[in-house]
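Q: Quick one: the structure is below, questions incoming.
The values are calculated or read from the model by the stated rules, or taken from the named source; none is laboratory data. Keep in mind that this is a model prediction, so the values were computed, not measured. Backbone-built Cβ (ideal geometry, glycine too); neighbour counts: all protein chains shown.
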Amino acid sequence: MHSRTLRFIRLKHTPFGGAERYLERLESSLKKEGYQTEILHAQLPKRLPSWLKVLLFDRQVCREKSPRFPSPSILYFSLDRISCPDIYRAGDGVHKAFLKTKGFSLNPLHLSYLYLEKRTFETARCIIANSRLVKEQILRCYPQIDEQKIHIVYNGVPLPDSFDKLKAKKSLAEELAFDPHRPILLFVGSGFERKGVREFLQIVSRLRHPIQALVVGKEKRIERYKKLAAELGISEHVLFCGPRRDVERFYEAADLFLFPTRYEPFSNVVLEALSYGNIVFTTRQNGASEILPEAWIMQTPEDFDVASRIDRFLEKPFLMQQASKTAEEIARRHPIERNVRETLELIRKQFG
């Protein structure tokens, strides 16, 4: 057992969040390597506004990590913006860059994030970017940051030992009452506006070949998207399934995965979908696009020409079968073990 402890910093725990799933996998793998781990979440009243919570959480963590009495046996590995990390994994990307895609907002949370983000990048001894996109955005938005301390470590996922698409599709079709003979086009993600469900539905409405579209994820204003599906005349071909703990069943049953996001540092859902042989289409604004064939990349969320590329696979099953194998091969190059190995190398260097 190592005498050194990794304290993971994460403001809140969201059971359906990609970052939380990543943290669970990383922590589990590190424990197998013999490291002691702890996770620090915020201990704050729920009624507080978000902009204040992030500032108080920063104060909570950094007060505990006193600069007067630093402990060489404890390393602070943060997944949130705080002003005192040893290692910062920029899994949420660069907020300053994100705001350029979002546009003007009066939400004070953005000011809190910008204040903490600058301090995070400046203070961290090591920054882990999960894509070239994120590294380039850090250097463009914060040119004072030393490029040498930014390291790219792509996300990784546990790979399924095996899967049976026909069986999974039949099981899901029985549960959700749709035609099991139709190809499945899948979306997984919470927060529909940023992640492109509007564009997803518009693309579905442009497809010539019949499909079953499944939308998995949490969304407060889901009625807005159901109404849009009705307006586009595709309601009978789209099912909104809500957040699911058994999301792997959906990946296993699906044939194609469409994720027209506006901004994503590197979405785990892309790797998860690939690992189950899904052909994945996502935007260049998603760092995960860096591991995909060029033909699978949308230039923007409104790149509706992708509909013709999806139709081509739907109309030629042998092409879809070949592309499905390509998807699995891409995923095999990015297992969680590789991510952990590369992350461990950076952790060891920080411990010295």
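Yes/no per residue for (1) more than 18 Å from residue 325 (Cα to Cα); (2) without any contact (Cβ under 8 Å) to a residue 60 or more places away in the chain:
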{"position": "141", "(1), (2)": "yes, yes"}
{"position": "155", "(1), (2)": "yes, no"}
{"position": "158", "(1), (2)": "no, no"}
{"position": "165", "(1), (2)": "no, no"}
{"position": "170", "(1), (2)": "yes, yes"}
{"position": "177", "(1), (2)": "yes, yes"}
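Q: Continuing with the same structure: Hey, can you tell me all the residues within the stretch 1-46 that are of a type in the set (Asp, Glu) and modelled with pLDDT of 75 or more?
A: Passing the criteria: 24, 27, 33, 38.
Q: What about residue 169, is it among the charged types (D, E, K, R), surrounded by 15 or more Cβ atoms within 10 Å (Cβ to Cβ) and under 30 Å from residue 126 (Cβ atoms)?
A: no
Q: What residue, among those in the stretch 285-314 that are among the small types (Gly, Ala, Ser) and farther than 30 Å from residue 95 by Cβ, is surrounded by the most Cβ atoms within 10 Å (Cβ to Cβ)?
A: Per the stated criteria, the residue is 307.
Q: So in the stretch 315-341, with the set limited to residues that are within 30 Å of residue 126 (Cβ to Cβ), modelled with pLDDT of 95 or more and in contact with a strand residue (DSSP E or B) (Cβ under 8 Å, 6 or more places away or on another chain), which one is surrounded by the fewest Cβ atoms within 10 Å (Cβ to Cβ)?
A: Across the stretch 315-341, the extreme among qualifying residues is 334.
Q: Restricting attention to the stretch 162-187, report how many residues are hydrophobic (A, V, I, L, M, F, W, C) and under 12 Å from residue 213 (Cβ atoms).
A: Residues that pass the stated criteria total 6.
Q: Does residue 112 satisfy the condition of being surrounded by fewer than 22 Cβ atoms within 10 Å (Cβ to Cβ), in the same structural domain as residue 53 (by TED's automatic domain parsing), polar (S, T, N, Q) and outside any loop (DSSP other than H, G, I, E, B)?
A: Criteria met by residue 112.
Q: Kindly list, by first and then second residue, each pair from a residue in the stretch 15-34 that is farther than 17 Å from residue 130 by Cα and of a type outside the set (Phe, Trp, Tyr) to a residue that is surrounded by fewer than 19 Cβ atoms within 10 Å (Cβ to Cβ) and at pLDDT below 70, limited to pairs with Cβ atoms under 7 Å and residues at least 6 apart or on different chains.
A: Matching pairs, first to second residue: 34/1; 34/2.
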